[in-house]
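This is the structure I have questions about; it appears just below.
The values are calculated or read from the model by the stated rules, or taken from the named source; none is laboratory data. Just so it is clear, the structure is predicted and the values come from calculations on it, not from any experiment. Positions of Cβ are generated from backbone atoms using ideal geometry, with glycine treated the same way; all protein chains shown enter the neighbour counts. All accessible areas refer to the heavy atoms of the entire protein, side chains included, with ligands and DNA or RNA removed. Shrake-Rupley method; radii C 1.70, N 1.55, O 1.52, S 1.80 Å.
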Amino acid sequence: MAEWLGIGHLFELSRTEAILGFFTPLAIFAVFFVAQLVLPARRVPGYVVNPATGEPRNYRLNGLLIFGIALVVWAFELTGMPRDWFYRSSVYAVAGGTVFTAIFTILGVATQPSGRESRIAAYWHGRAQELSFFNERFDVKMYFHVVGGTMLSLNALSGAAYHYELFGDNANPGVFLYAAFFTFYVLDYFIFERVQLYTYDLIHEKLGFKLFWGGLVVYGWLFILPLWGMAAQPDPGFPSAWTSVWLIGTTALFLLGWSISRGANLQKYTFKRWPDRKFLGFIEPRYIEAGDRKILCSGLWGVARHFNYMGEGFLSLSIALAFGHFTNLWAWTYFIFIVSLFTWRQRDDDRLCAEKYGADKWAEYRARVRYRIFPGIY
């Protein structure tokens, strides 16, 4: 079956290596836990309010520092671990990471007061909105983002290292472009780490298996699922002129998606912190007042109600096209996941916003901004 799927090379580890691969996520989780606690960080208030104090929660942000150190350790093999290890062990790491996050979920949910939900729903969705320890020195949700983002980049780079070892000078440049896309994506995330304190996960999600597994294993290891099938594929063999068109066009599409996603998130962040400030110095903040809350409906948020999700869609499309094997289903796995995820999330977010702002005010916003994600289409 593995050979038929084109991933037989991921099952070539010895028994000892397979066991090490299974426990690799646990070692990563422990190292990052210590790093977040020990390394210096800046403390900033977020959007979520701490019910015990009535004030915004405080977060320690040191993701960029941890990401930089992790890249250096990986690139120079300072632990003795070969650069292609994360990729070669990825199937076993996903299995181990799933087991360990299930254990963490049980501990995280069982220690919280139970509600009226079923036990299965409680473990899937979670009970607590926030979990922080050591006087808010360690926040679980931000830990997910640091571990998941860093491991996404390292796994993508590890797959590129495996690909180069396999093909050498005949390697597919699209594999390296793919790794560069995700490394840039994660670097950008950590540069604007504070913006994430105003996003869906931090504000709405509870801490159940969905978020534990999604934040650590899916984000960190399974986002590189296209590489499982594509790292062992050769260069697509386009003529040189078409190769330039393919690589430049894919990069342009990626940057377009990044600009939309980053721009929309920055505009909302600016509005939440400074409601009367013009975004980029010229976009007036127009909004609908809903009691003591405001619904932004100008700039990028006047184009579609979740315009940032369209940016993520373009990003995922560029990632599918980067490999040059346009008919290979492996190349499209990330795109399919992202489109499905944000189509569902947009509907859930609409429901939450109707509760937050009131049905009448949210209906007024929907009438003013007609489209959900893609202007003119959806």
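Determine ³J(HN,Hα), in whole Hz, for all residues of region 281-294 in sequence, where each value follows from phi through the Karplus function 6.51 cos²θ - 1.76 cosθ + 1.60 and θ = phi - 60°; x replaces Gly and Pro.
Karplus values, whole Hz, x for Gly and Pro: x, 9, 8, 5, x, 9, 8, 9, 7, 10, x, 8, 10, 9.
Per residue, how big is the convex hull of region 123-275 when only Cα atoms are used? Give it in Å³. Kindly include the intermediate steps, with their values, before the conclusion.
Values: hull volume 19.6 nm³, N = 153.
That works out to 128 Å³ per residue.
If you don't mind, there's one more thing I want to ask. Amide H neighbours of A290 under 5 Å, at least 5 residues apart or on other chains, H built in the peptide plane: list them.
HN-HN under 5 Å from A290: I295.
May I pose another question? Could you list log10 I(q)/I(0) for region 69-208 at q = 0.13, 0.20 Å⁻¹, which the Debye formula gives when each Cα is one point scatterer?
So the normalised log intensities are -0.73, -1.24.
Can you list residues whose amide H is under 5 Å from R57's amide H, if they're 5+ apart or on another chain and H is modeled 1.01 Å from N?
G46, V48, V49, N50
Apply the Karplus curve 6.51 cos²θ - 1.76 cosθ + 1.60, θ = phi - 60°, to the phi angles in region 325-337 and return the couplings in whole Hz, x for Gly and Pro.
In residue order, the calculated couplings are 9, 5, 9, 7, 4, 4, 4, 9, 4, 5, 4, 4, 4 Hz.
If you don't mind, another one. Take the Cα atoms of region 1-113, find their three principal axes, and give me the spread along each one in whole Å, biggest first.
For region 1-113, the Cα extents along the three principal axes come out at 56, 38, 23 Å.
Now, a different point. Which order do L107, L64, L300, L315 take by accessible area at a 1.4 Å probe, largest first?
Numbers: L107 105, L64 80, L300 45, L315 5 Å².
Listed by decreasing accessible area, they come as L107, L64, L300, L315.
Calculated from DSSP H runs of 4 or more alone, at -39500 (n - 2.57) each and per residue, what is the 222 nm mean residue ellipticity of the chain, nearest 500?
Details: 15 runs with 221 residues, N = 378.
Only helices count here, giving -19000 deg cm²/dmol.
Would you please calculate the Kirkwood hydrodynamic radius of region 277-378 over all C-alpha pairs and express it in Å, rounded to one decimal? Working shown, then result.
Numbers: mean 1/r = 0.0658 Å⁻¹.
Mean inverse Cα-Cα distance, inverted, gives 15.2 Å.
So, for region 92-181, what is the accessible surface per residue at a probe of 1.4 Å, expressed in square angstrom?
Values: 3940 Å² over 90 residues.
That works out to 44 Å² for each residue.
Mean shadow of region 87-147, computed from the convex hull of its alpha carbons, in nm²?
Numbers: hull surface 21.1 nm².
Orientation-averaged projected area of the Cα hull: 5.3 nm².
Now for a different question. Select from region 246-312 those chymotrypsin sites (Phe, Trp or Tyr not before Pro) which occupy a DSSP coil region and have at most 13 other Cβ atoms within 10 Å, ordered by residue number. It would help to have the intermediate numbers written out before the result.
On the way: sites: W246, F254, W258, Y269, F271, F279, F282, Y287, W301, F307, Y309; in loops: F282.
Here the sparse-neighbourhood loop sites are F282.
If you build a Gaussian network model of the chain, linking Cα atoms that sit under 10 Å apart, which residue out of N58, N50, N308 swings the most?
Looking only at N58, N50, N308, the biggest GNM fluctuation is shown by N50.
In nm², what is the average projected area of the convex hull enclosing the Cα atoms of the chain? Spell out each step's value before the answer.
On the way: hull surface 83.9 nm².
Over all viewing directions, the chain projects a mean Cα-hull area of 21.0 nm².
Sticking with this one: Using the Karplus equation 6.51 cos²θ - 1.76 cosθ + 1.60 (θ = phi - 60°), what ³J(HN,Hα) coupling, rounded to whole Hz, does each residue of region 79-87 give in order, writing x for Gly and Pro?
These are the phi-based 3J(HN,Hα) values: 9, x, 7, x, 5, 8, 4, 4, 6 Hz.
Longest span of the chain, sites excluded, free of GluC sites (Glu not before Pro) in DSSP loop with at most 12 other C-beta atoms within 10 Å?
Numbers: sites that count: E12, E77.
Segment 78-378 is the longest.
Right, here's the next one. Let me check something: with ligands and nucleic acids excluded, how do F182, F337 order by accessible area (1.4 Å probe), largest to smallest? The partial results should precede the final answer.
On the way: F182 0, F337 80 Å².
Ranked from most to least accessible, the order is F337, F182.
Can you give me the long-range amide H partners of S298? Hydrogens built in the peptide plane at 1.01 Å from N, cutoff under 5 Å, separation of 5 or more residues or another chain.
HN-HN under 5 Å from S298: R286.
Take K272, K206 and sort them by solvent-accessible surface of the protein heavy atoms, 1.4 Å probe, largest at the top. Let's see the in-between values first.
On the way: K272 60, K206 85 Å².
Ranking K272, K206 by accessible area, largest first, yields K206, K272.
Roll a 1.4 Å probe over the protein heavy atoms and report the accessible area of T111 in Å², nearest 10.
100 Å²
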